[in-house]
Amino acid sequence: MSLRSILGGTSRVRKSSKKSGAKQSSSSASSSWASSLPRRKPGTHRAKPSIGDDEDDGDLFDDKLDDYGLVKALAADLNLRDTPQAIMYIRNRMFSPIPEQAAGMNSTRIAEVLNYRKRLPPIVTVAHIQTLLSSPSAVEREIAQLARAGFIRKVVVARRGDIGETVILATDFEQMVKDSASLNRETRDSLTTFLKENPETQMIKPSALRPSETNQLIRAGFLTSHHTGVIHHGSMSNTMNLYSRPEDKGTLTSLETVSRQATGSLGAVGGDGAVHMAGGSGGGLLGASRGDTIATELKLAVPGNGTFLKLLSSALDHLVLLLGKSRFREAPETVLRDRWDGGIPKEEARYAAKRSRGEFAGILPGQTRKWRQFYGLSFDWVLREAVGSGLVEVFETRSVGRGIRAL
């Protein structure tokens, strides 16, 4: 007896026979030598693109990072004890040093970067100081005490949120006044005398200075004309909407306006026509206009503060955008640092050997956004600003170092 009869026939799967003549002709044609050829060229199959394929680097962490608590203070120097030390620490570590070799920038570009850094005012945000020291309330009290003593000056830019609250050393501000070529001697002496007599002031009455002196100070950037009252939301920029507080987006009933009115008065609840001004159907007073509620004040300012705020706001936006590349909007600090630096090669022996042989060793620093747009702004400096502004938080992972999460 054969083995086939014992096993009960073959177990091969057979296709059912086609009764149609057209099907039989197609089956006979497929048995030709051409049917053995591959129908698709090798290497043409494309996998479904992942979430991060359109970015420079994909997300290496598919799962959420372990969270073992937030980091209370971001200061790497444990010798920081007070606000003046923190101010000097922040100012000295704002920018990264220009690479000595393979910078990717010619002498003209390097001169532009250095001149840009020199033109920035020596100011520091209050939120940045609070991230370095352990107690934000203690920082506020110390800043108030130093301002009363005339050691520092607090300069606030309206409707810019936390990044608009800055401090500057009084000696630095006085030196800026002396070095200004737009002010004559009488205007410098008048402003210096007024500030010494009023160390805590941020507002200057028009009657405190002569009109010619006020005009010079406004043109030089030491005074700004601050309009109080109704603020149109459509006139506010995107950056102002992002970082400003809810009460800064002023209406007749906003805190900025109501806090200036007497308790129990009609102005404390918005005044006549508050509903109409806010977009409602209230009639208000006949003949009342929006310009009746707008007043002008002179506020102390620092020349170049607008350039500083523009650089800071764009850097914060870019940092949050880099975190958005990750799936859960969080990444280890080392990964986010590499993204901020633009993926430049590290200071390792293999990269140095490639550069010495004239081989390609990665992108040069001058070709990255860090140097093209932000003039070498340090990653640690931007990270502390983002934490102080409430855009990100830093936490411990115990496995890959510290993690950073966008809020």
With x for Gly and Pro, the residue-by-residue ³J(HN,Hα) of region 191-205, computed from phi through the Karplus equation 6.51 cos²θ - 1.76 cosθ + 1.60 at θ = phi - 60° and given in whole Hz, is 5, 5, 5, 5, 5, 5, 6, 10, x, 9, 6, 10, 10, 10, 6
Once you have the Cα-Cα distance between D380 and I218, take 0.36 nm times their residue separation minus that, and quote the gain in nm to one decimal. 54.9 nm
Given a Förster distance of 35 angstrom, what is the FRET efficiency for D63 paired with D317, based on the Cβ-Cβ distance and rounded to 0.05? 0.85
For L298, other-chain or 5+-apart residues with amide H closer than 5 Å (H placed, Pro excluded) are I204, H226
Would you grab the residues whose amide H sits under 5 Å from the one on L223? Only those 5+ places off in sequence or on another chain, please, with H modelled 1.01 Å from N. I218, A301
Past 23 Å, Cα to Cα, is the threshold; run K72/K154; K118/K325; K325/K370; K118/K154 against it and keep the listed order. K72/K154; K118/K325
Using alpha carbon centers only, region 198-219 is separated from region 118-132 by a whole-angstrom value of 24
Spelling out what I want: for every residue of region 102-110, take phi, set θ = phi - 60°, compute 6.51 cos²θ - 1.76 cosθ + 1.60 (Karplus), and round to whole Hz; glycine and proline get x. 6, 7, x, 9, 7, 5, 5, 5, 4
Amide H neighbours of E165 under 5 Å, at least 5 residues apart or on other chains, H built in the peptide plane: list them. V126, V157
Could you tell me the calculated FRET efficiency between I363 and R210, based on Cβ-Cβ distance and R0 = 56 angstrom, to the nearest 0.05? 0.50
Among Y375, Y68, Y116, what's the order by accessible area (1.4 angstrom probe), most exposed first? Y68, Y375, Y116
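The values are calculated or read from the model by the stated rules, or taken from the named source; none is laboratory data. Owing to the predicted nature of the structure, the values given are computational and were not obtained by experimental measurement. Cβ atoms come from the backbone with ideal geometry, glycine included; neighbour counts cover every protein chain shown. All accessible areas refer to the heavy atoms of the entire protein, side chains included, with ligands and DNA or RNA removed. Shrake-Rupley method; radii C 1.70, N 1.55, O 1.52, S 1.80 Å.
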